1. Within region 176-184, is even one residue of a type in the set (A, V, I, L, M), surrounded by fewer than 16 Cβ atoms within 10 Å (Cβ to Cβ) and either part of a loop (DSSP other than H, G, I, E, B) or in contact (Cβ under 8 Å) with a residue 12 or more places away in the chain (or both)?
2. Quickly run through region 102-135 and pick out the residues that are under 12 Å from Gly154 (Cβ atoms) and free of Cβ contacts under 8 Å to residues at least 60 places away in the same chain.
3. Assess whether Leu69 counts as being within 23 Å of Leu152 (Cα to Cα) and at pLDDT 95 or above.
4. Under 19 Å from the mean Cα position of the chain (by Cα) and either at positive phi or buried (at least 18 other Cβ atoms within 10 Å of the Cβ) (or both): which single residue out of His51, His65 fits that description?
5. When you look at Ala138, is it farther than 17 Å from Thr12 by Cα, in contact (Cβ under 8 Å) with a residue 24 or more places away in the chain and either touching a helix residue (DSSP H, G or I) at 6+ places or on another chain (Cβ under 9 Å) or of a type in the set (A, V, I, L, M, F, W, C) (or both), yes or no?
6. Could you check region 81-171 for strands (runs of 3 or more DSSP E) lying wholly inside it with 3 or more residues that are surrounded by fewer than 24 Cβ atoms within 10 Å (Cβ to Cβ)?
7. Of the residues that make up region 286-296, is at least one surrounded by fewer than 18 Cβ atoms within 10 Å (Cβ to Cβ) and of a type outside the set (Lys, Arg)?
8. For residues that are under 11 Å from Cys283 (Cα atoms) and of a type in the set (Ser, Thr, Tyr), tally how many sit in region 303-321.
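The values are calculated or read from the model by the stated rules, or taken from the named source; none is laboratory data. These numbers were taken from a predicted model, which means no experiment stands behind them. For neighbour counting, all protein chains shown are included, and Cβ atoms are generated from backbone atoms with ideal geometry for every residue, glycine included.
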Amino acid sequence: MAHFLIINTGGTIGMVHGDRGLEPRAGEIEAALSGQPALRDWQQHQLSWHHWDPLLDSSDLQPTHWYDLAATIRAHAHLAGVLIVHGTDTLAYTASALSYLLTDLSLPVVITGSMLPISAPDTDAIANLQLSLSALLAAKPEVVVALAGQLLPGSRVTKISTELDNSFAAPGWHEQRWALPANSQPMRIQKNWRPAAIGVLTLYPGIPMDGLMSMVDRFYRAIVINAFGNGNAAKDRALQRILSKALEKGIPVFVRSQCLNGAVDFRLYAAGAVFDENGAVACGAMPFEAVITKLQILCSEFDRSEQVIAGFNQQFAREWQ
């Protein structure tokens, strides 16, 4: 018998129908795990519960919640593992953030949710909770997402559908990489959460550069550009000028692809040279959630741009695999 902590943050999995539609109810998941025949394997283990009050729609989660979750998990590091029940809308952000915040723990942390409430006919919640228990018992000491028959590394997931049970993917991830070490060294977080201005710009044909210029003028801590293809952009003197100014001011620019699959490589096409020549950092094949949460944590932890860049380029939780 193992002793697990279950943190219920909220989400569809524990909701019931109310006067205004689906609304959270704290005891739904607990009742299912103790009384649902399909979940009888959970009944062989000791379970401790931590219900958030109030339970939250995952759209309401903020970086402070990631740090609170990490602190709760650390306080229970003596247990066999932790299950986090979470809404699906921002699950990938929480999974990525915790992947970075908990790299120094030797503890399995599994995150799950569902597209339908646990009480609904044909719900996917039952299978997801069964999979979550298997993941906890496997005792892989890292953050794993358990959904729709898939076990995925927390730093590689992204939500791809609002309708399918199989609503999450890890583009570019290959199962054989589980055999590789998750990191070269842990990320050691010493500071509490500190907000930092990080700008995000998605390129499209004909985009004006006023927004990017504003980010540079206002000394944003970092800028993420969702570029075309392998990290390409149109020939634009304004873009060239703004990137040069960002480099002069010490504002790091990180470039990822708008494509779901494939990695950024500035030297593959001439259209990527504008980023390469102005010191931008390529984000490989990392999904947006992994990029933005890593930058949020690094900008909170460090004050100097070179520290943020060095930390970003280091693998902490399979984000570069």
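1. If we filter region 176-184 for residues that are of a type in the set (A, V, I, L, M), which is where we start, we get 179-180, 182.
Retained after the next criterion (residues that are surrounded by fewer than 16 Cβ atoms within 10 Å (Cβ to Cβ)): 179-180.
When the remaining residues are screened for being either part of a loop (DSSP other than H, G, I, E, B) or in contact (Cβ under 8 Å) with a residue 12 or more places away in the chain (or both), the result is 180.
Yes; the residues of region 176-184 include at least one that is of a type in the set (A, V, I, L, M), surrounded by fewer than 16 Cβ atoms within 10 Å (Cβ to Cβ) and either part of a loop (DSSP other than H, G, I, E, B) or in contact (Cβ under 8 Å) with a residue 12 or more places away in the chain (or both).
2. In the first step, residues of region 102-135 are kept if they are under 12 Å from Gly154 (Cβ atoms); the result is 102-103, 108-112, 135.
If the condition is that a residue be under 12 Å from Gly154 (Cβ atoms) and free of Cβ contacts under 8 Å to residues at least 60 places away in the same chain, then Leu102, Pro108, Val109, Val110, Ile111, Ala135 are the ones that fit.
3. On the way: within 23 Å of Leu152 (Cα to Cα): yes; at pLDDT 95 or above: yes.
For Leu69, the condition - within 23 Å of Leu152 (Cα to Cα) and at pLDDT 95 or above - is met.
4. Working: His51 fails: under 19 Å from the mean Cα position of the chain (by Cα).
Among His51, His65, only His65 is under 19 Å from the mean Cα position of the chain (by Cα) and either at positive phi or buried (at least 18 other Cβ atoms within 10 Å of the Cβ) (or both).
5. Numbers: farther than 17 Å from Thr12 by Cα: yes; in contact (Cβ under 8 Å) with a residue 24 or more places away in the chain: yes; either touching a helix residue (DSSP H, G or I) at 6+ places or on another chain (Cβ under 9 Å) or of a type in the set (A, V, I, L, M, F, W, C) (or both): yes.
Answer is yes for this residue.
6. Output list reads 150-153.
7. Going through region 286-296, the residues surrounded by fewer than 18 Cβ atoms within 10 Å (Cβ to Cβ) turn out to be none.
For region 286-296, residues surrounded by fewer than 18 Cβ atoms within 10 Å (Cβ to Cβ) and of a type outside the set (Lys, Arg): absent.
8. 0
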